[in-house]
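Student: Submitted below is the structure of interest, expressed as structure tokens.
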Amino acid sequence: MPEMEEDSSREIFLSIDDTPIYFREDWNTGIGGGLWSTGLAIARYFEHHHSHVSTNLNRLDEMKRKRGDIDGISAIELGSGNGFLSVCLLALAHTASLSLKNVVVTDIGDHLSLMEKTISTNPHVWDELIVTRGGSSSTYHGSASNKKKEQQMSSVTVAEYRWGVDDFDQT
């Protein structure tokens, strides 16, 4: 079971509208263990322009609701590596009381533990974490909705994507 408790000895890597995000690079896990410069740039953009991004995400949610889709926004991160940007998006949605219903975080099987570790270290931005590994899944509970009562529950799924195997059949 991943570490779900907030540990006061952890250092905050960055904050999005006063929501802390905890993260440590671990290059020993391979190329997905580090934070690439583009990922850091997007995270810093979320950090410094959270109100603009939140406004646009709320507009998207409003458009979906006008079309009858009341389930909220879903997102998928392909090739996540360590799950850091998904945590940033969840933090942004959490602070904006945005309905970010489903977030699916994927990469090759070797990175599942790393994605799970990054996401589970930030239980304050999600309500449910589902980790799918080898045909079975484990479910954990976070605390995002406990802090924002009007907010819909957010669910995060960590799953392997097998490049070239899980592609669509083009026949």
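The values are calculated or read from the model by the stated rules, or taken from the named source; none is laboratory data. Because the structure is predicted, anything quoted here is derived from the model rather than measured. For neighbour counting, all protein chains shown are included, and Cβ atoms are generated from backbone atoms with ideal geometry for every residue, glycine included. Quick note on the areas: whole protein, heavy atoms, side chains included, nothing else; ligands and nucleic acids left out. Shrake-Rupley method; radii C 1.70, N 1.55, O 1.52, S 1.80 Å.
Student: Test residue 62 against the criterion of being acidic (Asp, Glu) and farther than 30 Å from residue 27 by Cβ, and give yes or no.
Tutor: yes
Student: Hey, can you tell me all the residues within the range 111-135 that are surrounded by fewer than 18 Cβ atoms within 10 Å (Cβ to Cβ), polar (S, T, N, Q) and within 24 Å of residue 73 (Cα to Cα)?
Tutor: The answer is 132, and nothing else.
Student: Looking at 112, 92, 129 in this structure, which one is modelled with pLDDT of 90 or more and in contact with a His (Cβ under 6 Å, 6 or more places away or on another chain)?
Tutor: Answer to the selection: 92.
Student: In addition: Take the conditions at pLDDT below 95 and among the aliphatic types (A, V, I, L, M) and apply them to residue 43. Does it pass?
Tutor: Considered against the rule, which asks whether it is at pLDDT below 95 and among the aliphatic types (A, V, I, L, M), residue 43 comes out as no.
Student: Evaluate the range 54-75: report whether one residue or more is crowded, with 19+ Cβ neighbours inside 10 Å, in contact (Cβ under 8 Å) with a residue 40 or more places away in the chain and farther than 29 Å from residue 163 by Cβ.
Tutor: So far as the range 54-75 goes, yes, one or more of its residues are crowded, with 19+ Cβ neighbours inside 10 Å, in contact (Cβ under 8 Å) with a residue 40 or more places away in the chain and farther than 29 Å from residue 163 by Cβ.
Student: What are the residues in the range 139-155 that are out of contact with any Pro (no Cβ under 7 Å at 6 or more places or on another chain) and either closer than 13 Å to residue 101 by Cα or at pLDDT 65 or above (or both), if any?
Tutor: 139, 141, 144, 145, 151, 152, 153, 154, 155
Student: Now for a different question. How many residues does the range 71-85 hold that are more than 14 Å from residue 102 (Cβ to Cβ) and either touching a Pro at 6+ places or on another chain (Cβ under 8 Å) or not small (Gly, Ala, Ser) (or both)?
Tutor: 4
Student: Moving on. Quick check on the range 44-56. Is at least one of its residues among the polar types (S, T, N, Q) and outside any helix (DSSP H, G or I)?
Tutor: Within the range 44-56 (the criterion being among the polar types (S, T, N, Q) and outside any helix (DSSP H, G or I)), the answer is no, since none of the residues qualifies.
Student: Here is a list: 142, 81. Which entry is in contact (Cβ under 8 Å) with a residue 60 or more places away in the chain and open to solvent by less than 30 Å² (accessible area, probe 1.4 Å)?
Tutor: On inspection, the qualifying residue turns out to be 142.
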